[in-house]
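Right, one structure below, let's go through it.
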Amino acid sequence: MTISIDRQKDNHQRLQPNGWLRYFSFSLDHKVIGIQYMVCGFLFYLIGGTLASAIRIELASPMSDFLPRDVYNQFLTLHGTIMIFLWIVPVVNGAFGNYLIPFYVGARDMAFPRLNAVAFWLIPPSGLMLIASYFVEGAAQSGWTAYPPLSITTPQSGQIIWIISVLLLGGSSIFGGINFIATIIKLRRPGLKLMQLPMYCWAMLGTSLLVVLSTPVLAGTLILLSFDIVAHTGFFNPVLGGNVVVYQHLFWFYSHPAVYIMVLPAFGLVSEILPVHSRKPLFGYTTMVYSIMGIVVLGLVVWAHHMFTSGTPPWMRLFFTIATSFIAVPTGIKFFNWVATLWGGKISINSAMLFSCGFIINFVFGGITGVALAQVPFDIHVHDTYFVVAHFHYIVYGGTVFIIFSSIYHWFPKVTGKMLGEKLGIIHFAITFIGFNLCFAPQHWLGLNGMPRRVAEYDPQFQFVNQISSIGALLMAISTIPFLVNIFLSVRNGKDSGDNPWNALTPEWLTSSPPPVENWEGDAPLVVEPYGYGDSFSQKNKKI
Amino acid sequence: MLNKNIYLILIISCVFGISFWIGFNVNLLPAEASINAPIYDELFKILFVIGLIIFIGMTLAVIYSLFKFKRRKDEIGDGIALEGNLSLEIIWTLIPSIIVLIIGIYSYNIYDRMGGMKELNHSHEMMSSNNEKIWAGISQSSNNDIANNNLSVEVSAMQFAFLFNYPKGEFISGELHVPVNNKVSMRMESKDVIHAFWVPEFRIKQDIIPGQPTILNFTPTKIGKYPIICAELCGPYHGGMRASIIVEDESDYKDWFNKNKKTEVDL
Amino acid sequence: MTTLDSSKEIQKSTPEVSKNHEDFRMFGLVTFLIADGMTFAGFFAAYLTYKAVNPLPEGAIYELELPIPTLNTILLLVSSATFHKAGKALLKDKNSDSQKWLILTAFLGIIFLICQLFEYFHLPFGLTDNLFASTFYALTGFHGLHVTLGTLMILIISWQTRLNTGRITSKNMFPLEAVELYWHFVDGIWVILFIILYLL
Ligand code: HEA
Ligand code: HEA
Ligand code: CUA
Ligand SMILES: [Cu+2]
């Protein structure tokens, strides 16, 4: 049985409206779907960021005065859920994955275009539903972790809607994951070997494995939780003989791998960006591949480091401490390799490069606090405090969000054929970098000195530091303005970029910008050396 | 070449020097008020120094390459076509592995000194009643002779308060009073959702999980009043779920106890 | 810059890309089944943990009778075999034979579901009685949902294998093979479930 590309092509033309309307339709074109993911995710980022701003305004004073206490809890739950499930995961996986992977494997579309469209169209309704739950009886208010018994005893409608929408989003990401695995393994252009793929493919392969192996466990857990809420079973309800720690184990079995789902694709993206702008091959391709797989394997066996204070037996604490600490090794390899990629290059300092370098600095910081958190005796004091909040914002914002911006600067010309303005880009970077560090660095101190997380009110002695943090958050909010202006100006009348403004070698640049519907006018090129930069490059290739 | 190496050594020793200086001179932690605290702070300092060395080193490397290898205006052409270097890659796999291993062994040592590896003492009077499963939070108790004279308190956590029951005096208090330098043993239970017992100055924290009674031991070493903070989201007033622990000297504690007790006991 | 020109060279020297890809729908299905299996794995893990650390209160009823589930196990195993027969028959272009085997398989599935319901109605405990009861219903219910879905799909493909006008023929085996794989998967899960829930 074979599927011919011609048949796929027919389908496309039949099912696709033209012009801007196709971005609002059930399009099967992977590029359209990628853009849909991106724009949709960014809108949710603005919503999640608005909620974060409300949180920071509330925390500018020690009293609970700006938001009622339960609304505060709803806001932080929505903030966490939206940022993770509707912004980071769909964008680093869905948006960039859909746009780039078919180019990288030399295909004209994803393996299952229809499934792909379904996966995307699950997202907007579940996101809207999640936000709408705020107007029913109040949104879920037990944090993004939804620990029972709290999640069983809070107002039910919000929690149930939260569960349903997370289930749908989980389904979307499983469908996406299946699609990526099939595309990377099965749809590769003949003649293209796995070890010749750009690094982002490897990152997405690892991520998709994690998605497929761990997301279903979350789904099962949430189904049990919803039974506890509506049918009054007692899985996680100690009053009925249940066990709350089982929920935590199952939840973190997904949610720890989820943090690598949020960051591995970013590792892949930065591996694409650095070589292009420093005109050097990616340093240590093979070790990079192994370290991704190492992170995948280790990432599956460290979940209980989120539960060091909840009464786990000593040997278990010890095992999870050691396993968690060892993730620093494969991650470290990647960071050293990136620095080595910069070393000796001819670096163009532009917005994409700056955001990538900001990413390296921020992530190393967040990773080091992570390794500290992994030590049981250390974590005992700082668990559930602002130290943890600072740790993960350093990674998710300073890491992944920085890479998302970096990637937008890098691939905007590909998608639109227009350049983004460099001046505004650098202003955007400067304000973001300063605001980000101002916002989250002081939170380490808060956590160490006794400020727990998820509180709307706190001791007056923490007011000053909290205000610094809030000013940082304000700067982060302001930093979106130059970015949006930049996009707007560039779409209106940006400079033409030509097909390949960066002179990059990865396959997506070897076609016109923006690319034609079927990606290539002729056949897909066979790119066996996606990182073949460097002075001796041309001589070396003559030999092939 | 020699020159280059000297600069490198100079920079590395500067990074180490600065990190050690900051690590041992910048205090980011609150007062030390239990015998757990100095042990914790020792670990913190070591982690802080190692973290700083790695962070400063990486940041310098990135910033240096941005300046040193910046493309000049009129430059064309590529960087060097270096695709990897096996010995370098082995080095930076091995060094972090060793660091992580050392940190692991060291934090095991700290964990042990904090009493984390000790099995629960099941003969303790409070838990002999029925054979439900009891969990232990990590926190050491001192091994010296005062330990015999230990003090038991039953803690109940509920939305949104802590209650401290002194079974020997048959009274309940909203504040936790304990004599300094005495081992305190608490049996904690939650009435509704998960709460957590946290005293930042003691560097101890333990979740109080419904259906899972938990023992937590500690020995305060400094007289004073410290906050007890609920650290697990437990509902709208989670932020207001506070209590105080008052560490006083033996005689003050006795006075307070005698004022409150319902039955005659000798301490 | 030198690099781009040379990459153009590579591009030109590539051989014709073949227009055909091998079939990867089966691959996608296998990936999906792994994911689905993880959901069950989560349930099993939860069940085993409960068994190990959460003793049931005294007087809780958790007795299970073995005859019906054993019969059910046999039913499902036989149905796997009949499905296999259906595939074999179709391969030999014996569409109506294939259709008969499929209908038999669906029939076995339906009997399984009826037995399951019968068991539900005669059990001495209800969904919320105790932790064991809840886990029991959650696990068997989730599996039963899979069987229901499978039975419906079998009925659909048995209609599609009809002679002459059906879409599924020996040249288009995929739908049948996909459902067959799914059905074997559901059987496999049942066997694990049977061992863990009833025998252990
Ligand atoms: C993208 C997201 C992301 C990523 C990648 C990580 C990465 C890591 N995280 Fe983090 N984490 C979160 C998101 C993330 N985390 C979130 C959201 C939470 C809170 C959840 C909640 O409760 O709401 C959390 C919480 C959390 C905890 C629980 C804290 C608590 O609640 O008490 C712990 C504890 O072990 C931890 C550890 C780690 C470690 C060891 C890594 C490692 O992977 C980091 C490895 C990287 C490096 C170490 C840097 C680079 C390496 C080198 C330069 C080599 C040299 C370094 C050494 C030798 C140390 N994280
Ligand atoms: C995963 C990604 C992610 C991202 C990107 C962020 C981004 C931010 N977060 Fe994060 N946060 C989480 C994930 C994330 N967060 C999670 C998982 C939690 C835990 C939740 C829980 O405990 O359950 C959390 C919790 C959390 C807390 C702790 C709340 C508490 O425990 O009480 C705080 C407090 O400072 C905070 C602040 C911020 C800030 C200031 C940003 C900023 O970086 C945001 C910057 C963006 C903007 C400011 C948007 C700008 C746009 C506008 C303002 C424009 C106006 C609007 C329109 C045009 C419509 N977050
Ligand atoms: Cu009790 Cu928070
Ligand atoms: Cu984790």
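One residue is enough: does the stretch B:197-206 have a residue meeting the conditions under 23 Å from the mean Cα position of the chain (by Cα) and open to solvent by 20 Å² or more (accessible area, probe 1.4 Å)?
yes
Which ranges mark the helices (runs of 4 or more DSSP H) fully within the stretch A:52-138 that have 3 or more residues being surrounded by fewer than 23 Cβ atoms within 10 Å (Cβ to Cβ)?
A:69-81, A:113-121, A:123-132
Conditions (1) within 28 Å of A:S53 (Cβ to Cβ); (2) touching a Cys at 6+ places or on another chain (Cβ under 9 Å); (3) within 14 Å of chain B (Cβ to nearest Cβ), marked per residue:
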{"position": "A:L448", "(1), (2), (3)": "yes, no, yes"}
{"position": "A:R454", "(1), (2), (3)": "yes, no, yes"}
{"position": "A:I478", "(1), (2), (3)": "yes, no, no"}
{"position": "A:P482", "(1), (2), (3)": "yes, no, no"}
{"position": "A:G498", "(1), (2), (3)": "no, no, no"}
{"position": "A:A504", "(1), (2), (3)": "no, no, yes"}
{"position": "A:T511", "(1), (2), (3)": "no, no, no"}
{"position": "A:P516", "(1), (2), (3)": "no, no, no"}
{"position": "A:P525", "(1), (2), (3)": "no, no, no"}
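Can you tell me which residues in the stretch B:216-240 are more than 16 Å from ligand 2 (Cβ to nearest atom), touching a Lys or Arg at 6+ places or on another chain (Cβ under 8 Å) and at the interface with another protein chain (Cβ under 10 Å from one of its Cβ atoms)?
Selection gives B:P227 alone.
Checking B:L8 against (1) open to solvent by less than 80 Å² (accessible area, probe 1.4 Å); (2) more than 7 Å from every other protein chain (Cβ to nearest Cβ); (3) out of contact with any strand residue (DSSP E or B) (no Cβ under 7 Å at 6 or more places or on another chain), which single condition isn't satisfied?
Status for B:L8: all satisfied but (1).
Quick check on my filter: what residues within the stretch B:236-245 are among the small types (G, A, S) and surrounded by 20 or more Cβ atoms within 10 Å (Cβ to Cβ)?
Selection gives B:G239, B:A243.
Out of the stretch A:159-195, which residues are open to solvent by less than 10 Å² (accessible area, probe 1.4 Å) and polar (S, T, N, Q)?
Across the stretch A:159-195, the qualifying residues are A:Q159, A:S165, A:S172, A:N179, A:T183.
Among the numbered conditions (1) within 14 Å of chain A (Cβ to nearest Cβ); (2) within 16 Å of ligand 3 (Cβ to nearest atom), tell me where B:L176 comes up short.
(1)
Answer yes if at least one residue in the stretch B:26-33 is more than 16 Å from ligand 2 (Cβ to nearest atom), outside the structural domain of B:K222 (by TED's automatic domain parsing) and either under 30 Å from A:L274 (Cα atoms) or in contact with a Leu (Cβ under 7 Å, 6 or more places away or on another chain) (or both), and no otherwise.
Yes, the stretch B:26-33 has at least one match.
Within the stretch A:179-200, track down each residue that is over 21 Å from A:V259 (Cβ atoms) and assigned to a helix (DSSP H, G or I).
A:N179, A:A182, A:T183, A:I184, A:I185, A:K186, A:L194, A:M195, A:Q196 - these are the residues of the stretch A:179-200 that are over 21 Å from A:V259 (Cβ atoms) and assigned to a helix (DSSP H, G or I).
Only one residue in A:L51, A:L76, A:L59 is away from ligand 4 (no atom under 16 Å from the Cβ) and either more than 11 Å from chain B (Cβ to nearest Cβ) or modelled with pLDDT of 95 or more (or both). Which one?
Just one listed residue meets the conditions, A:L51.
Scan the stretch A:228-255 for residues that are farther than 30 Å from A:V396 by Cα and of a type in the set (F, W, Y) and jot them down.
A:F235
Being outside any loop (DSSP other than H, G, I, E, B) and in contact with an Asp or Glu (Cβ under 8 Å, 6 or more places away or on another chain) is the filter here, so list the residues in the stretch A:476-529 that pass it.
A:W509
Please enumerate the residues belonging to the stretch B:33-68 that are open to solvent by 30 Å² or more (accessible area, probe 1.4 Å) and within 7 Å of another protein chain (Cβ to nearest Cβ).
Scanning the stretch B:33-68 gives B:I54, B:F55.
Do the conditions hold for C:L90, that is, is it part of a helix (DSSP H, G or I) and more than 25 Å from C:L163 (Cα to Cα)?
no
Only one residue in A:T221, A:T233 is part of a loop (DSSP other than H, G, I, E, B) and touching a helix residue (DSSP H, G or I) at 6+ places or on another chain (Cβ under 6 Å). Which one?
Exactly one of A:T221, A:T233 is part of a loop (DSSP other than H, G, I, E, B) and touching a helix residue (DSSP H, G or I) at 6+ places or on another chain (Cβ under 6 Å), namely A:T233.
Counting only residues that are modelled with pLDDT under 85 and surrounded by fewer than 15 Cβ atoms within 10 Å (Cβ to Cβ), how many does the stretch C:123-164 have?
Residues meeting the conditions: 5.
Between A:I349, A:I380, which is open to solvent by 20 Å² or more (accessible area, probe 1.4 Å) and facing another protein chain (nearest Cβ under 7 Å)?
A:I349
Could you list all residues from the stretch A:231-247 that are open to solvent by less than 20 Å² (accessible area, probe 1.4 Å) and either more than 9 Å from chain B (Cβ to nearest Cβ) or closer than 17 Å to A:Q159 by Cβ (or both)?
A:T233, A:G234, A:F235, A:F236, A:G242, A:V244, A:V246, A:Y247 - these are the residues of the stretch A:231-247 that are open to solvent by less than 20 Å² (accessible area, probe 1.4 Å) and either more than 9 Å from chain B (Cβ to nearest Cβ) or closer than 17 Å to A:Q159 by Cβ (or both).
Taking only pairs six or more apart or across chains, which ones have beta-carbon atoms under 6 Å, a first residue in the stretch A:268-283 that is over 12 Å from A:C357 (Cα atoms), and a second residue that is of a type in the set (D, E) and assigned to a loop (DSSP other than H, G, I, E, B)?
Partner pairs satisfying both residue conditions: A:R279/B:D78; A:P281/B:E83.
Out of all the residues in the stretch A:68-93, which are within 11 Å of ligand 2 (Cβ to nearest atom) and of a type in the set (A, V, I, L, M)?
Once the filter is applied, which keeps residues that are within 11 Å of ligand 2 (Cβ to nearest atom) and of a type in the set (A, V, I, L, M), the stretch A:68-93 yields A:L76, A:L78, A:I82, A:M83, A:I84, A:L86, A:I88, A:V89, A:V91, A:V92.
Would you check which residues across the stretch C:127-155 are within 21 Å of C:L200 (Cα to Cα) and without any contact (Cβ under 8 Å) to a residue 24 or more places away in the chain and list them?
Passing the criteria: C:L127, C:S134, C:Y137, C:G141.
Exactly one condition in (1) in a helix (DSSP H, G or I); (2) more than 14 Å from ligand 4 (Cβ to nearest atom); (3) in contact with a Leu (Cβ under 9 Å, 6 or more places away or on another chain) is not met by A:T324; state its number.
Every listed condition holds for A:T324 apart from (2).
Which residues, counting only those in the stretch C:49-71, are open to solvent by 70 Å² or more (accessible area, probe 1.4 Å), of a type in the set (A, V, I, L, M, F, W, C) and modelled with pLDDT of 75 or more?
Passing the criteria: C:A52, C:L66, C:L71.
It is to be established whether one or more residues within the stretch B:152-169 are within 16 Å of ligand 3 (Cβ to nearest atom), assigned to a strand (DSSP E or B), within 14 Å of chain A (Cβ to nearest Cβ) and surrounded by fewer than 18 Cβ atoms within 10 Å (Cβ to Cβ).
yes
Given A:P275, A:P281, A:P330, which one is within 14 Å of ligand 1 (Cβ to nearest atom) and within 29 Å of A:L194 (Cβ to Cβ)?
One residue alone meets the criteria, A:P330.
Within the stretch B:208-267, which residues are assigned to a strand (DSSP E or B) and small (G, A, S)?
Residues satisfying the conditions are B:G224, B:A243, B:S244.
Look through A:V301, A:V276 and report the one residue that is within 13 Å of chain B (Cβ to nearest Cβ), at pLDDT below 95 and either open to solvent by less than 10 Å² (accessible area, probe 1.4 Å) or outside any helix (DSSP H, G or I) (or both).
A:V276
The values are calculated or read from the model by the stated rules, or taken from the named source; none is laboratory data. Please read these numbers as outputs of a predicted model, since none were measured by experiment. Glycine also receives a Cβ, built like all others from the backbone with ideal geometry; neighbour counts cover every protein chain displayed. All accessible areas refer to the heavy atoms of the entire protein, side chains included, with ligands and DNA or RNA removed. Shrake-Rupley method; radii C 1.70, N 1.55, O 1.52, S 1.80 Å.
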